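Here the structure is laid out as structure tokens; the discussion comes afterwards.
The values are calculated or read from the model by the stated rules, or taken from the named source; none is laboratory data. All of these numbers come straight from a predicted model, not from anything done at the bench. Here the Cβ is made from the backbone with ideal geometry for all residues, glycine too, and neighbour counts use every protein chain on show. The protein model used for the area step is the full one, side chains on, heavy atoms only, and it has no ligands, DNA or RNA in it. Shrake-Rupley method; radii C 1.70, N 1.55, O 1.52, S 1.80 Å.
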Amino acid sequence: MASSVFETLDTKLGYVAASALFLLFAAGLWSTKQAWYLASRYPLLGGEYGGADKRGKAYLSHAAALFDQGYRQFKTAIYRLTTPDGDHLIVPNCYLDELRRRPDNELDVLKAFEKTFENNHVRLFPSKDKTTIINNVVKVDLTRNLGRINPRLSDEVARTVASELAGCDGAEWTPVVLSGVLLRIVAIVSGNIFLGPELCREAEYMHCAVQFTVDLVAASAALKRWPAWLRSVAAATPLVPQVARVHEHRRRMKAFLRPVIEQRRMDIEGRRKADDADAVPPPADDLFQWLMEKSAASGVTDAGDLTDMLLLILLAAIHTTSLAVTNLFYDLAIRPEVVEELRAEIKSVLADSGGVMTTQALYDMKLVDSVMRESQRLNPPFIDAFRRYAMQPITLQNGDRIPKGTYIETANTAVLRDPSLYPSPDDFNPHRFSALREPDVPDPLGYKNREQYQYVSVTKENMSFGFGRHACPGRYFAANEIKMILAQLLLHYDIRMPDGESERYQSVWSGVVIAPDPTKALLFRRVAA
């Protein structure tokens, strides 16, 4: 009798559990379907390409044309665009002031980038609490110390440019495949501040700084060629070897950093116990030290976590800066008159600063800053901007609804070439932004502060560094580094296109990513004394 009671009870409990699971599944399915239904009410761009799979492939090969068409056709309205990860909502530029004020629990930037880089499989991005530490270190420790760091940064730029371009010191023109050279220069110079002068030329660091981002982007691109439901399987097999290479970078970098971490902790402990703390060498003065200290204060001490945090910084800093400088030189190589103007400004500013790259000297290079921003305007790193994931359903002031579980983004290149915002938008105007910083020049955008036309400024009309509170926190460091590299190269080397070449090298495109052609060479020679 007791047995039959328990069997009946087990059966009933089984029914209850099954019913609960079914209800949870149905609720999840309904939520997904509801989000799809709400999003599907917006017009679809690119339907002529066919089904979702074909539209996703069209996004990879025709993203620029699709965003340009969408910008013209839906300038003040939301529309849908199919990506390899499904339909995204493309929001108009005019919504961004409202959207940027939404908190992270409504619109999340980290989840959007995790999807972009297939983080479920490559496992790069640290958890939100650790990325918060990274942002704090970059915003506070790095940016606030730039005035003190700039002379050290300038010395490293001079030393590294001289060593990397030693083959161009003669009177003859020497071809240089600039992309690779600049990548090494930026990795070393950045490494001086990130890991210190003793480590910034170490082979293990250099290999990771240069190659990690390449393999990560290749891994995410390779995974997106697979259906979403098969990506976990593909990532675990030799069919996508790029994923294994990303994991190997992490393993090697952790092995490289572990003794550094242990030694620095021993140094800090020795200083704490010393009778005379001033007699003990001070802690390292670099970003990794600041990262270790802030992480420890938050209870994060694992070498693997610290490795991932540094890798994320390298991802954000090295290639983006080197690509920006490469674009600059591709723009300048066909404009010798602009090179001469820049040289004159750099020499004048340095004469006033006693030859030192002070914070004021860098600010006073207004033509340099303008040329940098104009090059970035015509050659931004991404076709899109403001990628976010809707954690909650959002109703905008005009009644439009963004469903929970939706990815959103906005146009970038189309805005940067809008003639209503930038007159003669296809022309490279080196004085465009330096002129707009003058109070007597008409301002087509009506900014309250003309300093919003600086290279580091982020606005909804120029989102190459992002927009809102999640704009790139390291852009001030990057701007200083770029100005120093540009100044060092222009003061000491002439540049020109190879014989027979008179047009600027075309950029290469993949999906929404735009990059200067890494295979092209420019000619360099030492400036005559």
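Quick rundown of the values:
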| item | result |
| --- | --- |
| Single residue of THR301, THR307 found to be of a type in the set (Ser, Thr, Tyr), at negative phi and free of Cβ contacts under 8 Å to residues at least 40 places away in the same chain | THR301 |
| Residue check for LEU124: surrounded by 18 or more Cβ atoms within 10 Å (Cβ to Cβ) and either closer than 15 Å to GLY511 by Cα or modelled with pLDDT of 95 or more (or both) | no |
| Of the criteria (1) open to solvent by 40 Å² or more (accessible area, probe 1.4 Å); (2) out of contact with any helix residue (DSSP H, G or I) (no Cβ under 6 Å at 6 or more places or on another chain); (3) basic (Lys, Arg), which one ARG250 fails | (1) |
| Tally, over the stretch 442-497, of residues that are of a type in the set (S, T, N, Q), more than 28 Å from LYS347 (Cβ to Cβ), free of Cβ contacts under 8 Å to residues at least 60 places away in the same chain and in a loop (DSSP other than H, G, I, E, B) | 1 |
| Qualifying residue in the stretch 57-68 (condition: modelled with pLDDT under 70, of a type in the set (Gly, Ala, Ser) and either crowded, with 18+ Cβ neighbours inside 10 Å or at negative phi (or both)) | no |
| Among residues of the stretch 127-144, those that are surrounded by 20 or more Cβ atoms within 10 Å (Cβ to Cβ) and of a type in the set (Asp, Glu), counted | 0 |
| The lone exception for LEU323 - which of (1) more than 25 Å from GLN488 (Cα to Cα); (2) crowded, with 19+ Cβ neighbours inside 10 Å it fails | (1) |
| Residue that is farthest from THR116 (Cα to Cα), among those in the stretch 498-529 that are modelled with pLDDT of 95 or more, outside any strand (DSSP E or B) and open to solvent by less than 60 Å² (accessible area, probe 1.4 Å) | PRO498 |
| Within the stretch 145-198, considering residues that are open to solvent by less than 50 Å² (accessible area, probe 1.4 Å) and hydroxyl-bearing (Ser, Thr, Tyr), the one farthest from LEU257 (Cα to Cα) | THR174 |
| When residues of the stretch 330-368 are limited to those that are of a type in the set (Asp, Glu) and closer than 28 Å to TRP173 by Cα, the one least open to solvent (accessible area, probe 1.4 Å) | ASP331 |
| Members of the stretch 168-210 found to be of a type in the set (Gly, Ala, Ser), more than 19 Å from the chain's Cα centre (by Cα) and more than 16 Å from ASN150 (Cα to Cα), listed by number | GLY170, ALA171, ALA203 |
| Tally, over the stretch 94-115, of residues that are in contact with a helix residue (DSSP H, G or I) (Cβ under 7 Å, 6 or more places away or on another chain) and either open to solvent by less than 50 Å² (accessible area, probe 1.4 Å) or under 18 Å from GLY304 (Cβ atoms) (or both) | 3 |
| Odd one out for ASP305 among (1) under 22 Å from the mean Cα position of the chain (by Cα); (2) under 30 Å from LEU486 (Cβ atoms) | (2) |
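The rows are residues; the columns are (1) under 30 Å from VAL233 (Cβ atoms); (2) part of a loop (DSSP other than H, G, I, E, B).
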position	(1), (2)
ARG251	yes, no
LYS254	yes, no
PRO259	no, no
GLU262	no, no
ASP285	no, yes
SER295	no, no
THR301	no, yes
